[in-house]
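First the structure, in the form of structure tokens, and then the observations on it.
The values are calculated or read from the model by the stated rules, or taken from the named source; none is laboratory data. These figures come from a predicted structure and were not determined experimentally. Cβ placement follows ideal geometry from the backbone for every residue including glycine, while neighbour counts extend to all protein chains displayed. Protein only, heavy atoms only, side chains kept; ligands, DNA and RNA dropped before computing areas. Shrake-Rupley method; radii C 1.70, N 1.55, O 1.52, S 1.80 Å.
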Amino acid sequence: MRPFTYLRAPDVATAVRAISAEPGAKFIGGGTNLVDLLREDIEQPGTVIDITGLPLTGVEELPDGGIRIGALVRNSHLAAHRLVTTRYPMLSQAILSGASPQLRNMATTGGNLLQRTRCLYFYDGAAACNKREPGSGCDAIGGFNRQHGVLGVSDDCLATHPSDMCVALAALDATVETRSEHGVRRIPLVDLHRLPGTTPHRETVLAADELITAIELPPPPSGAVSRYRKVRDRASYAFALVSVAAVLKVRDGSVSTVRLALGGVAPKPWRAYAAERALLAAPATEESFTRAAEAELTAATARPGNAFKIELARRTIVATLRDLLAEGSAA
Ligand code: SF4
């Protein structure tokens with residue numbers, strides 16, 4: 001780890017001013033990813049700005065029935081919050097499926113959005129990695145790529161986004177609020193993360209001086225049921241091979257509302273728009289669910305190590321929708 005200057009921001013304006021004065025600086029909240037990156041010399045900021053004292057720790061109900069989540073709300077607190085467990089149980093399920101209790105107690109909502117990939121080569125200074133060192137190559141392409149992505153990847157980077165929480169937020173139509181010296185900006189969560197293309201080191205649309213202050217969720221669709229399903233190598237403390245966040249409402253045997261997002265398969269939380277289009281107004285049957293999954297996955301490209309993810313994603317989408325159909329019918 002290299003030496004850096006430590007600065008504790010007492011309020012949002014000071015934090016924004018400080019990062020504006022030094023765009024190479026980094027904010028630190030829970031530190032559950034940044035500290036690893038500092039230790040491995042992957043992040044080398046001259047200044048670390050501690051934002052844990054900012055008043056961004058509330059979960060509030062909005063007048064339209066949605067909720068506003070402060071960027072510094074700890075993951076464990078959010079997962080257990082009454083507004084989340086009662087209105088957005090899928091979000092709670094997603095958070096609780098990730099990391100460990102200790103990590104969830106430290107990790108913040110804003111930091112969860114910005115955590116970096118867990119590609120092994122990214123953390124290995126001896127490996128070629130375009131994300132860590134632009135232009136150096138990608139050792140995952142000819143190497144161990146079982147955990148890597150099949151949707152939205154490029155020949156320069158196959159890494160997946162590691163968050164479970166973000167997959168649920170993508171399906172829930174979340175909006176991210178930021179502050180900078182230029183004012184307040186609102187970004188749909190599905191537009192926050194970039195695809196790698198030829199610049200995998202550029203991971204989000206945020207400017208260097210932007211601070212995430214909150215996440216807002218619209219009210220959940222009335223009468224819909226939702227679920228987060230995660231498939232992984234072991235039952236806890238493992239990243240998703242494939243995950244599915246789904247919201248479903250069926251009326252008179254046809255799908256009237258559907259939102260689907262995938263995790264573990266793409267460089268960003270992957271909203272499955274092609275599957276949603278195929279499902280909307282279709283009969284709520286296993287055949288429709290299968291057709292929708294296939295519509296989404298026609299764009300998938302696999303490497304030898306991760307080709308299994310395409311079939312796994314198809315089956316996980318279908319199984320999740322099947323479960324939701326049964327749950328909705330029983331309600
Ligand atoms: Fe680096 Fe991406 Fe290749 Fe992993 S997949 S080695 S993060 S360029």
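Give, in whole angstrom and from largest to smallest, the semi-axes √(5λ) of the equivalent ellipsoid of the stretch 199-329, with λ running over the eigenvalues of the Cα gyration tensor. Display every interim value, and only then the final one.
Working: eigenvalues 136, 83, 42 Å².
Each semi-axis is √(5λ); the values are 26, 20, 14 Å.
How about the stretch 167-251: which chymotrypsin sites (Phe, Trp or Tyr not before Pro) there are in a DSSP loop, with at most 16 other Cβ atoms within 10 Å of their Cβ?
Numbers: sites: TYR228, TYR237, PHE239; in loops: TYR237, PHE239.
Here the sparse-neighbourhood loop sites are TYR237.
What is the diffusion coefficient of the stretch 57-188 in µm²/s, taking the Kirkwood radius over Cα pairs and the Stokes-Einstein relation at 37 °C with a viscosity of 0.692 mPa s? Could the numbers behind the result be given before it?
Numbers: Rh = 16.6 Å.
Result for D is 197 µm²/s.
Tally Lys and Arg at +1 and Asp and Glu at -1 over the other residues with C-beta under 15 Å from the C-beta of ALA170: what net charge comes out?
+1
Across bins of 5 angstrom width beginning at 0, how are the C-alpha pair distances of the stretch 164-251 distributed, in whole percent?
3, 12, 17, 17, 18, 16, 10, 5, 2, 0
Note the direction-averaged projected area, equal to a quarter of the hull surface, for the Cα convex hull of the stretch 39-102, in nm².
Values: hull surface 25.1 nm².
If I average the Cα hull's projected area over directions, I get 6.3 nm².
In a solvent-free Debye calculation with one equal scatterer on each Cα, what is log10 I(q)/I(0) for the chain at q = 0.11, 0.16 Å⁻¹, listed in the order of the q values?
Reported log10 I(q)/I(0), two decimals: -0.70, -1.42.
Tell me the accessible surface of MET1 in square angstrom (1.4 angstrom probe, heavy atoms of protein chains only), to the nearest ten.
120
So, with +1 on the Cβ of K and R and -1 on the Cβ of D and E, and no other charges, what is the size of the charge dipole of the chain about its Cα centre, to the nearest 20 debye? Could you put the intermediate results ahead of the total?
Values: 37 positive and 34 negative charges, 110 e Å.
The dipole magnitude comes to about 520 debye.
For the stretch 5-53, report the translational diffusion coefficient in µm²/s to the nearest whole number, using Stokes-Einstein at 4 °C, 1.567 mPa s, and a Kirkwood Rh over Cα pairs. Please report the intermediate quantities before stating the final value.
Numbers: Rh = 10.9 Å.
Answer from the Stokes-Einstein relation: 119 µm²/s.
Filter the cross-link list LYS131/LYS230; LYS26/LYS131; LYS131/LYS268 down to pairs whose alpha-carbon distance in this structure exceeds 22 Å. Walk me through the numbers on the way to the answer.
Details: LYS131/LYS230 26 Å; LYS26/LYS131 18 Å; LYS131/LYS268 14 Å.
Result: LYS131/LYS230 exceed 22 Å.
How high is the relative contact order of the chain, in percent, with contacts defined as C-alpha pairs under 8 Å that are six or more residues apart?
Details: 732 pairs, mean separation 55.0, N = 331.
Worked out over the chain, it gives 17 percent.
Distance between the C-alpha centers of the stretch 158-228 and the stretch 1-47? Whole Å please.
21
Counting only protein heavy atoms and a 1.4 Å probe, tell me what percentage of the chain's accessible area is made up of carbon and sulfur.
Values: 7360 of 14240 Å².
About 52 percent, which is the carbon plus sulfur part of the accessible surface.
Report VAL258's accessible area, 1.4 Å probe, all protein chains in place, as a number in Å² to the nearest 10.
VAL258 exposes around 10 Å² with every protein chain in place.
Contact order normalised by length for the stretch 225-330, with contacts defined as Cα pairs under 8 Å and 6 or more residues apart; what percent is it? Don't jump to the answer; show the numbers that get you there.
Details: 182 pairs, mean separation 27.2, N = 106.
RCO, the stretch 225-330: 26 percent.
To the nearest 10 square angstrom, what accessible area does PHE308 show with a 1.4 Å probe?
70
Helix-derived [θ] at 222 nm for the chain: sum -39500 (n - 2.57) over DSSP H runs of at least 4, divide by residue count, nearest 500? Walk me through the numbers before you get to the answer.
Values: 11 runs with 97 residues, N = 331.
Calculated mean residue ellipticity at 222 nm is -8000 deg cm²/dmol.
If you line up the long axis of helix 12-21 against the longest principal axis of the chain, both from Cα atoms, how many degrees apart are they, to the nearest 10?
Value to nearest ten degrees: 60.
Probe of 1.4 angstrom, ligands and nucleic acids ignored: what's the accessible area per residue over the chain, in square angstrom? Display every interim value, and only then the final one.
Working: 14240 Å² over 331 residues.
It amounts to 43 Å² per residue over the chain.
Residue farthest toward the positive end of the dipole of the chain, with Cβ of Lys/Arg at +1 and Asp/Glu at -1: which of GLY53, LEU217, LEU91?
In the chain, that residue is LEU91.
Check cross-link reach from LYS249 to the aspartates and glutamates: straight Cα distance under 14 Å, and skip same-chain residues fewer than eight apart.
GLU276, ASP323, GLU327
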